Structure formats: C-alpha cells, structure tokens
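Novice: Following this message is one structure expressed as structure tokens.
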Amino acid sequence: MSEYKNLPDQELIGLLSENTGPVFNEVYNRYWSQLFLHVRRMLGDDELAKDIVQEVFTNIWERSPDFSISTSLSSYLYTAVRNRVFNEIKQQKVKSVHLQDIAAFFSRGQYEADEALRYQQLKSAIELEISKMPEKMREIFELSRHQYLSHKQIAALMNISEHTVRTQVQRALRLLRQKIDLPVPTLFFLAHLLK
C-alpha cells in the first residue's frame with residue numbers, strides 16, 4: 001500500500017515536485033479509470049479515450065517539478081480532459097470538412113464566383129451573430145450545430161441538464177432568426193453547415 005494513498009489531493013500536489021515518481025503514481029492510480037470512463041462516455045472510442053487521458057497525465061509528469069493548480073485536483077483533471085476532447089472533436093470536424101470540400105469540388109467542378117460570394121457573406125453574417133451570443137449559449141450551440149453532438153452528449157460534457165441544453169439551442173436559433181432574414185428551415189440547415 002502506498003504511503004500516499006490516504007493523503008488528500010492538495011497535499012499530493014504539494015508533494016509532487018519533491019517526490020515525483022511515487023506521488024505521480026498515486027495521482028495516476030487515483031484518477032485514471034474515472035477519467036477514462038468519462039472520456040469514453042463522451043467519445044465512444046476506447047483507444048482515443050486512453051490517448052487523451054494519457055496526454056493529460058503526461059503533461060502533469062512533464063510539469064511535475066513546478067506543477068501547481070488553483071482548483072481542486074479533480075476539477076483540474078476533468079477540465080483538462082474536457083478541453084482535449086473539444087480539441088479532438090474540432091480536429092475531426094476540420095478533417096471531415098476538408099474531405100467534403102475536396103469531394104464537392106471534384107464532383108461539381110468550379111463554383112460560380114457569385115454563388116461563392118453570397119455563400120461567404122451569409123456565412124460571415126451567421127458567424128458574427130453566433131460570436132455575439134452569451135458564452136455558455138454559444139458553446140452549447142457550437143457543440144450542437146457545428147460538432148453534431150446530441151443534447152445528451154453536451155449535457156454530459158458540460159455537466160448540465162439536457163433541458164438546459166435544449167433551451168439554450170432554441171434560444172440561439174431564435175436569436176439567429178431575429179438577426180438574419182432567412183426562412184427558419186434555411187437558417188436551421190445553414191447553422192449545421194457553416195463553420
């Protein structure tokens with residue numbers, strides 16, 4: 001049994017720079033499985049979940065000589081994995097969009113300049129309105145419409161209720177509808193495509 005097993009998290013953080021190996025092992029053993037299950041639930045991919053959790057712990061190991069945090073250890077770790085999940089989702093989305101753009105280019109040929117200009121102007125107008133939304137509403141809306149997460153996934157990711165997610169998405173669409181003069185179905189469709 002580790003001599004650090006019964007120490008509270010804050011004491012472990014304080015000891016991390018002095019006795020890196022054993023203290024790090026205790027932090028790792030204490031939180032790895034919880035973080036793995038949390039990330040796997042969000043992404044549905046065991047290997048990717050392992051990689052993300054490993055990256056978080058690797059970062060702590062590399063910073064251990066001068067590692068300090070202002071929140072609780074569990075808050076820090078859950079925030080760190082959540083941010084890495086967001087980054088992974090963004091990277092997957094970017095890859096997907098690039099592949100779709102290339103496929104569209106080859107299947108349709110060159111875009112008409114006027115059509116592309118109108119599309120770009122509309123996209124800019126929608127993105128501007130999205131950027132003006134309150135922070136939490138914007139984050140929920142982008143997870144829903146740009147990263148295609150379900151209300152349930154967003155609720156789990158942000159530790160809020162599905163009802164809150166649904167309400168925030170509805171309010172975001174209402175704001176866009178008020179600001180941009182387009183029929184509702186068109187606006188809803190474009191909110192999915194643009195980003």
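Novice: Taking the conditions exactly as written (in a helix (DSSP H, G or I), out of contact with any Pro (no Cβ under 7 Å at 6 or more places or on another chain) and farther than 22 Å from Gln153 by Cα), does Phe24 satisfy them or not?
Specialist: For Phe24, the condition - in a helix (DSSP H, G or I), out of contact with any Pro (no Cβ under 7 Å at 6 or more places or on another chain) and farther than 22 Å from Gln153 by Cα - is met.
Novice: Could you tell me how many of the residues in segment 124-149 are outside any helix (DSSP H, G or I) and under 13 Å from the mean Cα position of the chain (by Cα)?
Specialist: Residues meeting the conditions: 4.
Novice: Taking Lys50, is it modelled with pLDDT of 85 or more, under 30 Å from Leu15 (Cα atoms) and basic (Lys, Arg)?
Specialist: So Lys50 fits the description; yes.
Novice: Does Gln168 fit the bill of being touching a residue at least 40 places away in the same chain (Cβ under 8 Å), closer than 26 Å to Val39 by Cβ and polar (S, T, N, Q)?
Specialist: The answer is no for Gln168.
Novice: So which residues in segment 48-78 are assigned to a helix (DSSP H, G or I), exposed (fewer than 14 other Cβ atoms within 10 Å of the Cβ) and over 20 Å from the mean Cα position of the chain (by Cα), if there are any at all?
Specialist: The answer is Glu62, Arg63, Pro65, Asp66.
Novice: Could you say whether any residue in segment 152-162 is over 22 Å from Gln92 (Cα atoms), at pLDDT 85 or above and of a type in the set (D, E, K, R)?
Specialist: yes
Novice: For the subset of segment 163-190 comprising residues that are assigned to a loop (DSSP other than H, G, I, E, B) and surrounded by 14 or more Cβ atoms within 10 Å (Cβ to Cβ), which member is modelled with the lowest pLDDT?
Specialist: That would be Leu182.
Novice: Same structure, new question: Of the residues Asp45, Asp9, which is over 20 Å from the mean Cα position of the chain (by Cα), under 29 Å from Ala155 (Cα atoms) and not polar (S, T, N, Q)?
Specialist: When all the criteria are applied, what remains is Asp9.
The values are calculated or read from the model by the stated rules, or taken from the named source; none is laboratory data. All of these numbers come straight from a predicted model, not from anything done at the bench. Counting neighbours? That spans all protein chains shown, and the Cβs are built from the backbone with ideal geometry, glycine included.
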